Amino acid sequence: MAGIGSERGAVELCKGINGLDKVVLRGPRGSSAEVYLYGGHVTSWRNDHREELLFVSSKEIFKPPKAIRGGIPICFPQFGSNGSLEQHGFARNKFWSIDTDPPPFPTNSKSFIDLILKPSEEDMQKWPHSYEFRLRVTLGTGGDLMLTSRVRNTNADGKPFTFAFAYHTYFSVSDISEVRVEGLETLDYLDNLENKERFTEQGDALTFESEVDKIYLGAPTKIAILDHEKKRTFVLRKDGLPDAVVWNPWDKKAKTMTDFGDDEYMHMLCVEAAAAEKPITLKPGEEWKGRLELSAVPSSYCSGQLDPQKVLQSS
């Protein structure tokens, strides 16, 4: 079937938790990823040693219409509560289809899946625009995870529409107090804990000792998350997504979330590639593309030094 990586065994459509359809992608050296058709939602990404790299809450029950807590939710066409729709929009609460006629674009990997989301009548009442949202999830031969989103305005009435977007990525970390983020220092950010007031990041790398919910503006294409205890660095590369959101609920908020363990905030960090501050506008026929590439490399790497591709090739 078109839209599915062709190598035998590299892509498998099967049943996940509660009988929900999921796609499992497998790399040649043991890496894997899982994508639920509910939400177009990546719920697992494992390296060649089969270590889980994404966080999913132990309290997550995988029951629609509730969004999955963890992995990589797709926030569209709204980010947060900035609009009239439900929190983070509706894309993460919808059943996506396998795209049997995806647009041609090259991939070096045999392990990928193409999904598509189109509006339902119910969606059109809440957000009266016609669109096609295409998502390709690719597991690279070196274990990298790539998500490419394409949103096209298919309105027949000639009207443009605007939307916000984020890959709401939950990274699995050993201990939040041992983690630092490089690449966001000196940037301006909007602090969601301070009524979206604008501040400038001080100091060197970001470290964590309390709740954080910030939108960094004009973030670089490459951000590094260093996990000191695991001697692992996540490298996040983004394209078409100007902002970066950093979130951890910390202890008090964690206790108020029914789908989140009281102490789980210690073992996760969201660093999200986003277009959150300034919405994207598409005229009919226009298409937007936003790409995220995730790598996990040994922690000798930090953002100002080696190119992670070279680290991957030598490891």
**Message:** If Ala164 meets every condition in (1) within 18 Å of Val271 (Cβ to Cβ); (2) touching a helix residue (DSSP H, G or I) at 6+ places or on another chain (Cβ under 7 Å) apart from one, which number is that one?
**Reply:** (2)
**Asked** Does Val271 satisfy the condition of being at pLDDT 95 or above, part of a strand (DSSP E or B), in contact with a helix residue (DSSP H, G or I) (Cβ under 7 Å, 6 or more places away or on another chain) and under 25 Å from Glu209 (Cα atoms)?
**Response** no
**Prompt:** Taking Lys214 and the conditions (1) open to solvent by less than 30 Å² (accessible area, probe 1.4 Å); (2) of a type in the set (D, E, K, R); (3) not in a loop (DSSP other than H, G, I, E, B), which numbered condition does it fall short on, given that it satisfies the others?
**Reply:** (1)
**Request:** Just name the residue that is surrounded by the fewest Cβ atoms within 10 Å (Cβ to Cβ) out of those in the stretch 102-113 that are touching a Gly at 6+ places or on another chain (Cβ under 9 Å) and not basic (Lys, Arg).
**Result:** Asn108
**Request:** For the stretch 19-39, state whether one or more residues are assigned to a helix (DSSP H, G or I) and either under 24 Å from Ser109 (Cα atoms) or open to solvent by 10 Å² or more (accessible area, probe 1.4 Å) (or both).
**Result:** yes
**Prompt:** Can you name the residue in the stretch 63-101 that is more than 22 Å from Gly19 (Cβ to Cβ) and open to solvent by 30 Å² or more (accessible area, probe 1.4 Å) and is also modelled with the highest pLDDT among such residues?
**Reply:** Thr100
**Any chance Ile116 is touching a Gly at 6+ places or on another chain (Cβ under 9 Å), surrounded by fewer than 24 Cβ atoms within 10 Å (Cβ to Cβ), under 26 Å from Asn18 (Cβ atoms) and touching a residue at least 12 places away in the same chain (Cβ under 8 Å)** = yes
**Request:** May I ask you to verify whether Glu182 is more than 26 Å from Ser299 (Cα to Cα) and either open to solvent by 10 Å² or more (accessible area, probe 1.4 Å) or in contact with a helix residue (DSSP H, G or I) (Cβ under 7 Å, 6 or more places away or on another chain) (or both)?
**Result:** no
**Complete:** Within the stretch 81-122, residues being under 23 Å from Phe62 (Cβ atoms) and β-branched (Val, Ile, Thr) number 3
**Fill in**
For Leu193, the lone unmet condition from (1) free of Cβ contacts under 8 Å to residues at least 24 places away in the same chain; (2) within 21 Å of Gly39 (Cβ to Cβ) is (2)
**Request:** Go through the residues of the stretch 275-284 one by one and say whether even a single one is at pLDDT below 95 and either touching a Gly at 6+ places or on another chain (Cβ under 8 Å) or open to solvent by less than 30 Å² (accessible area, probe 1.4 Å) (or both).
**Result:** no
**Asked** Quick one: is Tyr131 among the hydroxyl-bearing types (Ser, Thr, Tyr) and within 28 Å of Ile223 (Cα to Cα)?
**Response** no
**Asked** If Leu54 satisfies every condition in (1) under 23 Å from Lys231 (Cα atoms); (2) open to solvent by less than 10 Å² (accessible area, probe 1.4 Å); (3) over 12 Å from the mean Cα position of the chain (by Cα); (4) aliphatic (A, V, I, L, M) but one, which is the exception?
**Response** (3)
**Prompt:** In this structure, is Thr233 modelled with pLDDT of 95 or more, in a strand (DSSP E or B) and surrounded by fewer than 14 Cβ atoms within 10 Å (Cβ to Cβ)?
**Reply:** no
**Item:** Yes/no for Leu241 being within 16 Å of Leu190 (Cβ to Cβ), at pLDDT 95 or above, among the hydrophobic types (A, V, I, L, M, F, W, C) and surrounded by 15 or more Cβ atoms within 10 Å (Cβ to Cβ)
**Value:** yes
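Yes/no per residue for (1) open to solvent by 10 Å² or more (accessible area, probe 1.4 Å); (2) without any contact (Cβ under 8 Å) to a residue 60 or more places away in the chain; (3) assigned to a strand (DSSP E or B); (4) hydroxyl-bearing (Ser, Thr, Tyr):
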position	(1), (2), (3), (4)
Met124	yes, yes, no, no
Pro128	yes, yes, no, no
Gly158	yes, no, no, no
Ala164	yes, no, yes, no
Thr186	yes, yes, no, yes
**Request:** Determine which member of the set Ala254, Ala224 is open to solvent by less than 10 Å² (accessible area, probe 1.4 Å), over 25 Å from Glu287 (Cβ atoms), touching an Asp or Glu at 6+ places or on another chain (Cβ under 7 Å) and in contact (Cβ under 8 Å) with a residue 40 or more places away in the chain.
**Result:** Ala224
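The values are calculated or read from the model by the stated rules, or taken from the named source; none is laboratory data. Every value quoted in this text rests on a predicted model; they were computed, and no experiment measured them. All Cβ positions, glycine included, derive from the backbone under ideal geometry; neighbour counts span all protein chains shown. Note: areas computed on protein heavy atoms with side chains; ligands, DNA, RNA excluded. Shrake-Rupley method; radii C 1.70, N 1.55, O 1.52, S 1.80 Å.
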